[in-house]
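Take a look at the structure below.
Each reported figure results from applying straightforward, stated rules to the coordinates on display, with no laboratory input. Note that this is a predicted model, so its numbers are computed, not measured. Cβ placement follows ideal geometry from the backbone for every residue including glycine, while neighbour counts extend to all protein chains displayed.
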Amino acid sequence: MPIIKSAKKRVRVSSKAAVRNHKTKRSLRSALKGFKKTTSSKSLSHVQSEVDKATKKGVVHKNKAARLKSRAAKQAKASGVKSTKKAAPKKSPAKKTAAKTTKKPAAKKKK
């Protein structure tokens, strides 16, 4: 048992973090197992969401997260599940050019 006050706090903080990380890992694993059983588009999006959450919290490395998502998508495609991604609305090029033409170059300083 630590004697120093900061070490005692570190034990408390790390134990709380361990519980949080365990919950995140458990939900990720259950989502992956559920996906393997059902392999539906809804479960695919749930897996991707759980992987993103775990990555954001630092429980899973970003490369491992990318690998898990890729494997899940590949498995879904092999089983015939269609993606539920929505296409992003296209922006008109006229708005971009209008914004560029209205900007003036910065004035040069005289020495």
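Separation of segment 1-29 and segment 37-58 by C-alpha centroid, Å? Answer, in whole Å: 25.
Tally Lys/Arg at +1 and Asp/Glu at -1 over every other residue whose Cβ is under 13 Å from the Cβ of Ile3; what's the total? Summing Lys and Arg as +1 and Asp and Glu as -1 gives +4.
So if R0 is 41 Å, what FRET efficiency would Lys42 and Lys9 give, r being the distance between their Cβ atoms, rounded to the nearest 0.05? It would help to have the intermediate numbers written out before the result.
On the way: r = 43 Å, r/R0 = 1.04.
For Lys42 and Lys9, the calculated efficiency is 0.45.
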